[in-house]
Amino acid sequence: MKKSIIAALCGLLTACASPDVAQYQKAEPKLDLVHYFVGKTDAWGMFQKRSGEVVKRFHVEITGTHHNGKLVLDEQFKYDDGTTQQRIWTLSQAADGSWRGTADDVKGEAIGKVAGNALNWRYTMFLPVDGTSYEVQFDDWMFLIDDKAMLNRASMQKFGFELGQVTLFFKKRD
């Protein structure tokens, strides 16, 4: 009995672990955030509950600019229910190579690390639901596929429990 409880607890702990971005160090093509996002980029995405049910779809038009060491991403969201939203990210690279980002609906800073073709962000976002704002943690992964395409999958959690997933496909405009 004791062994089965310990095994179950170990299983839960490893299920909560996330891969280390460093494991993608040799993956090609190399992700350069500034190079990829400066200019115009489109993204299409969806939010799925933990059951897998798709509850929201959206398109994002992103305008990226780079000046004074800051990458600014102006994101214009259009949701399938007709609503719109704007989020402006301000990103900068720290001396240790990590990325730091802020936006109005992000608590504190998002902290990201790039290795090879991958970026892993972790941050807390204020998520509005039915007139109330909830603090939700994101474990956000982006993978550069080629010079025009990138995939993004983010897990949303509250109190350590998964609420759902956000999946996006990015395409850089010519």
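The residue that is least open to solvent (accessible area, probe 1.4 Å), counting only those in the range 87-105 that are touching a residue at least 24 places away in the same chain (Cβ under 8 Å) and either touching a Ser or Thr at 6+ places or on another chain (Cβ under 7 Å) or more than 22 Å from His59 (Cα to Cα) (or both), is Trp99. Filtering Ala43, Ala17, Ala7 for residues that are aliphatic (A, V, I, L, M) and at pLDDT 95 or above leaves a single hit, Ala43. Select from the range 42-85 the residues that are β-branched (Val, Ile, Thr), in a strand (DSSP E or B) and open to solvent by 30 Å² or more (accessible area, probe 1.4 Å) and list them in ascending order. Selection gives Val54, Val55, Thr63, Thr65, Val72, Thr84. Of everything in the range 141-169 that is of a type in the set (Lys, Arg) and over 11 Å from the mean Cα position of the chain (by Cα), the residue that is farthest from Gln25 (Cα to Cα) is Lys158. Take Phe138 and tell me if it is among the aromatic types (Phe, Trp, Tyr), in contact (Cβ under 8 Å) with a residue 60 or more places away in the chain and within 24 Å of Ala27 (Cβ to Cβ). The answer is no for Phe138.
Of the residues making up the range 106-133, those that are of a type in the set (A, V, I, L, M, F, W, C), within 19 Å of Val166 (Cα to Cα) and in contact (Cβ under 8 Å) with a residue 40 or more places away in the chain are Ala118, Leu119. Scanning the range 30-41 for residues that are assigned to a helix (DSSP H, G or I) and either within 28 Å of Glu162 (Cα to Cα) or of a type outside the set (Ser, Thr, Tyr) (or both) turns up Leu33, Val34, His35, Phe37.
The values are calculated or read from the model by the stated rules, or taken from the named source; none is laboratory data. None of these values were measured; they are calculated from a predicted model. Don't worry about glycine lacking a Cβ; one is built from the backbone with ideal geometry, like all the others, and counts go over all protein chains shown. Note: areas computed on protein heavy atoms with side chains; ligands, DNA, RNA excluded. Shrake-Rupley method; radii C 1.70, N 1.55, O 1.52, S 1.80 Å.
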